1. Hey, which of the strands (runs of 3 or more DSSP E) in region A:1-112, taking only ones fully inside, have at least 3 residues that are touching a strand residue (DSSP E or B) at 6+ places or on another chain (Cβ under 9 Å) and crowded, with 18+ Cβ neighbours inside 10 Å?
2. Has region B:194-203 got at least one residue that is assigned to a loop (DSSP other than H, G, I, E, B), modelled with pLDDT under 90 and within 8 Å of another protein chain (Cβ to nearest Cβ)?
3. Conditions: (1) in contact with a strand residue (DSSP E or B) (Cβ under 9 Å, 6 or more places away or on another chain); (2) surrounded by fewer than 20 Cβ atoms within 10 Å (Cβ to Cβ). Residue A:265 meets all but one. Number of the miss?
4. Suppose the filter is surrounded by fewer than 23 Cβ atoms within 10 Å (Cβ to Cβ) and under 14 Å from the mean Cα position of the chain (by Cα); does residue B:48 pass it?
5. Have a look at A:150, A:167 and point out the one that is within 30 Å of residue A:271 (Cβ to Cβ), in contact with a helix residue (DSSP H, G or I) (Cβ under 9 Å, 6 or more places away or on another chain) and part of a loop (DSSP other than H, G, I, E, B).
6. Evaluate the following for residue A:56: is it at pLDDT below 95 and within 14 Å of another protein chain (Cβ to nearest Cβ)?
7. Take region A:113-129 and flag every residue that is crowded, with 16+ Cβ neighbours inside 10 Å and either closer than 30 Å to residue A:255 by Cβ or out of contact with any helix residue (DSSP H, G or I) (no Cβ under 7 Å at 6 or more places or on another chain) (or both).
8. Could you please find all residues in region B:136-153 being away from chain A (no Cβ under 11 Å), in contact (Cβ under 8 Å) with a residue 60 or more places away in the chain and out of contact with any helix residue (DSSP H, G or I) (no Cβ under 7 Å at 6 or more places or on another chain)?
């Protein structure tokens, strides 16, 4: 089995094989978005609910486009419009949605653990689109795909993740994914935003920006999340950007073929300078393109399998299937991909 | 892969020279029927149809001295039974790096059985443009069609029982050129096995874990 999980809550605990399978699938889906007709009938007749309890443009649009390119129907609910504003609990909202029979629920929530809670109350796949400071798995997958595309492989790379690590679900998901795939991870930021406990997760902690970027293959910038800062983490934005803004000067410390990622939205002039954001090392737009492919892959794998399970339960002796579609053993994969790369 | 599963009842119906001869003949027929290779394009259905299309490209080049454009398609996303395999089967890249409008497309697959794969391939192809005609070449036609689809070029017509499995192995993917008929009971977990059986196996595995 290549990916047997019913939900995607986080990258923590996923194996390298499972992550690779999702990335490989996403790579195949990229081609669909380059066609003149950017749509395949794969999830025709399925319904994907986007449940967003927190603002988002990129992720939500990306999930919506992904679902539509697979021919699924999409319904988007935001916190303002949902009954949450009328006092309904999360599980009640979820149960009500589940009663309408969606085939997947994509959820973003300000509280860590909300998607996990939902997964225990509904019987359709839950895809975490970011929960509190916990995880944002599809963002990390698209980052991994972007890195793999540019570097060929992930194992052996050194990746610096810079900025507000304390509040960052992107950093946590990336940490789990990168370590599993065999990369080294360096967390760079002021001690107030890089808690020492993160060292226990396997990251190297560095306080100084120039020190932290020395010899890295990948720089991943994080947004300063002003909306989550209810304490004093640094004396002023001005001071922060003087010490941690990614300038051309700082980039020069990294390897000469470094790539720079940012999950967006960017605070230009705060954590990243415009010269760098629009410069030759930036792969930020590739990330956005890959985001659609990764989300198509996740929806396809999770929703597809659910349908298969239902089919099997319903009709045990359906029509036999053409010999042309065969299960691929994991061991076959490298050879297969090599063959397609001819 | 597969050799350890091979039982006495496996019946080899095409060996390596047989596969080669069938493809060489199909190449001749293609050139004859289309009066040359003008406007022709080969599209192989993954997996294995793409390898066969590559070989036909070589065979046609031997006859006409010209390499006709080649493409490969994964039609999983167009299948009506698609979602059965979502977690077993890696969707591979579709690449048809040339204009299909106005072309004579030669669709290539290894086994023609129910016709559902070809139906999916026709739908997929139409999303790429408007070919002038589409022709179908298969290495083996084993019958039991569920849709009104027929092949224009057939390597070998193979009368089979519905429950039997036809296993095609090719040098490129399996290290050997061979077509064999397997009784259903031997087909478990094998490269040529139908997805249905693998799904059942997966289900058993899930049940065991639960």
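1. Details: elements: A:47-52, A:73-78, A:104-109.
Counting at least 3 such residues, we get A:47-52, A:104-109.
2. At the first step, the residues of region B:194-203 found to be assigned to a loop (DSSP other than H, G, I, E, B) are B:194.
From the residues that got through so far, the ones that are modelled with pLDDT under 90 too are B:194.
Those left that are additionally within 8 Å of another protein chain (Cβ to nearest Cβ): B:194.
So far as region B:194-203 goes, yes, one or more of its residues are assigned to a loop (DSSP other than H, G, I, E, B), modelled with pLDDT under 90 and within 8 Å of another protein chain (Cβ to nearest Cβ).
3. Condition (1) is where residue A:265 drops out.
4. Numbers: surrounded by fewer than 23 Cβ atoms within 10 Å (Cβ to Cβ): no; under 14 Å from the mean Cα position of the chain (by Cα): yes.
Criteria not met by residue B:48.
5. Every option except A:167 fails the conditions.
6. Working: at pLDDT below 95: yes; within 14 Å of another protein chain (Cβ to nearest Cβ): no.
No.
7. The first filter runs over region A:113-129 and keeps only residues crowded, with 16+ Cβ neighbours inside 10 Å, leaving A:114-119, A:122, A:124-129.
Listed by number, the residues that qualify are A:115, A:116, A:119.
8. B:152
The values are calculated or read from the model by the stated rules, or taken from the named source; none is laboratory data. As the structure is a prediction and not an experimental result, all values here were calculated from the model. Note that each Cβ is placed from the backbone with ideal geometry, even for glycine, and that neighbours are counted across all protein chains shown.
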